[in-house]
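Shown next, in structure tokens, is the structure this report addresses.
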Amino acid sequence: MAWNPNTYNKFKSDRFLPFFDLAALIEIKPNLEVIDLGCGTGELTRKLADMLPDSKVLGVDSSQEMLNDTREFENAQVHFEKRSIEEQLQSGSKWDLVFSNAAIQWVKNHKSLLPEIISSIKSGGQLAIQLPAQNHNLTNRMLSDLASDPLFEPLFKSWDRADTVLNIDDYAELLFENEGRDITVFEKIYPLVLNDSDALFDWVSGTALIPYLEKLDDQNKQNFINEYKSRLKSRFPKTPVFFPFKRILMKATF
Ligand SMILES: C[S@@+](CC[C@H](N)C(=O)[O-])C[C@H]1O[C@@H](n2cnc3c(N)ncnc32)[C@H](O)[C@@H]1O
């Protein structure tokens with residue numbers, strides 16, 4: 001997918017907050033071997049490493065664009081490799097801490113993904129994951145509705161847009177069934193206060209909009225953007241725009 005670190009970084013401080021909430025769930029121990037699945041630009045991977053004394057942290061991501069500037073966050077503790085989450089899990093390597101912030105929503109079938117991730121955790125190791133509660137977030141539902149509109153539906157026909165993100169009850173059960181202990185799973189609203197609906201469009205364009213635009217040619221891309229912006233404006237006419245962005249955080253020991 002064509003990720004753009006500049007667009008993504010526009011809302012850096014808003015995107016950092018859930019990372020700090022997730023990191024606060026980790027039991028800090030020295031000498032951990034850690035993997036950050038879907039590490040993006042690497043800035044948060046480095047922050048994670050800085051919290052874990054004498055630990056080694058590997059960040060993996062499938063997007064070369066996002067990884068391009070990771071060198072500035074590398075040091076003796078932190079390294080980055082271009083690899084998909086799926087490939088990483090197939091490698092069979094095991095970790096004291098598997099961490100993933102705002103990434104696994106891009107991987108399908110969480111009922112099989114979670115057990116695969118958990119099988120990459122060493123005995124006594126930890127799992128810490130944050131992901132947006134996609135099906136609850138109105139901006140995501142509006143994208144999906146627009147793609148189902150007769151205007152655009154034929155263009156997306158062969159694309160499976162099925163929601164990957166489960167309910168928190170399902171995640172809690174998956175953690176338990178895979179021998180998780182000290183399970184914490186919760187949803188949290190991260191309030192976004194934005195200048196206007198165009199700023200909300202900018203927020204969505206850093207992530208959820210990307211796979212939709214990728215499927216369209218230039219003319220249809222612009223039509224889709226115009227119609228989405230217009231729908232956002234009708235739905236969020238007031239300024240500033242308040243948007244309650246809902247995320248899921250989970251942590252367990254295995
Ligand atoms: C919203 S960004 C989050 C990046 C970083 N974890 C952060 O919190 O800033 C999602 C990242 O997941 C990566 N990603 C999406 N699908 C992936 C996959 N299947 N394998 C590896 N990385 C993936 C994207 O390239 C992107 O960098």
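Computed from the coordinates by the stated procedures, all read-outs in this text should not be read as laboratory data. All values derive from a computational prediction rather than experimental measurement. Cβ placement follows ideal geometry from the backbone for every residue including glycine, while neighbour counts extend to all protein chains displayed.
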Checklist line | Karplus-derived HN-Hα couplings along region 42-51 (A = 6.51, B = -1.76, C = 1.60, θ = phi - 60°), whole Hz, x at Gly and Pro | finding: x, 4, 7, 4, 5, 4, 4, 4, 5, 8
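Quick check on my link table: of Lys12/Lys157; Lys47/Lys238; Lys47/Lys122; Lys94/Lys221; Lys12/Lys238; Lys47/Lys229, which ones sit more than 31 Å apart, alpha carbon to alpha carbon? Numbers along the way, then the final one.
Numbers: Lys12/Lys157 34 Å; Lys47/Lys238 36 Å; Lys47/Lys122 23 Å; Lys94/Lys221 42 Å; Lys12/Lys238 24 Å; Lys47/Lys229 34 Å.
Lys12/Lys157; Lys47/Lys238; Lys94/Lys221; Lys47/Lys229, as the Cα separations exceed 31 Å there.
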Notebook entry, point to check: Size of the dipole of the chain about the Cα centre, Lys and Arg at +1 and Asp and Glu at -1 on the beta carbon, nothing else charged, in debye to 20?
Noted result: 460
Next item on the list: Measure out, as a whole number of angstrom, how far apart the alpha-carbon centroids of region 108-126 and region 37-57 sit.
Entry: 19
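Can you classify the chain as rounded, prolate or oblate using the Cα gyration tensor, where a ≥ b ≥ c are the square roots of its eigenvalues, rounded means a/c under 1.5, and otherwise it's prolate if a/b beats b/c and oblate if not?
It is prolate, given that a/c is not under 1.5 and a/b is the larger ratio.
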Notebook entry, point to check: Any idea which of Phe254, Val193, Phe16 is furthest toward the positive side of the dipole for the chain, if Lys and Arg beta-carbons carry +1 and Asp and Glu beta-carbons -1?
Noted result: Val193
Notebook entry, point to check: Say R0 is 51 Å: what FRET efficiency, to the nearest 0.05, do Ala76 and Leu151 get from their beta-carbon distance?
Noted result: 0.45
Next item on the list: With an 8 Å cut-off on Cα pairs and a minimum separation of 6 or more residues, tell me the relative contact order of the chain in percent.
Entry: 23
Checklist line | Amide H contacts under 5 Å for Arg83, placed H, 5+ residues apart | finding: Asp61, Ser62
Notebook entry, point to check: Each residue of region 248-254 in turn: what ³J(HN,Hα) in whole Hz from Karplus with 6.51, -1.76, 1.60 and θ = phi - 60°, glycine and Pro shown as x?
Noted result: 10, 10, 9, 8, 7, 10, 10
Next item on the list: Compute the long axis of helix 12-23 from its Cα atoms, compare it with the longest principal axis of the Cα atoms of the chain, and write down the angle in degrees, 0 to 90, nearest 10.
Entry: 30
Next item on the list: Would you please put 222-228, 170-176 in order of how densely packed they are, using the mean number of other Cβ atoms within 10 angstrom per residue and starting with the highest?
Entry: 170-176, 222-228
Check: Each residue of region 230-245 in order: what ³J(HN,Hα) in whole Hz does its phi give by Karplus 6.51 cos²θ - 1.76 cosθ + 1.60, θ = phi - 60°, with x for Gly and Pro?
Finding: 5, 5, 4, 5, 5, 7, 10, x, 7, 10, x, 7, 9, 10, x, 7
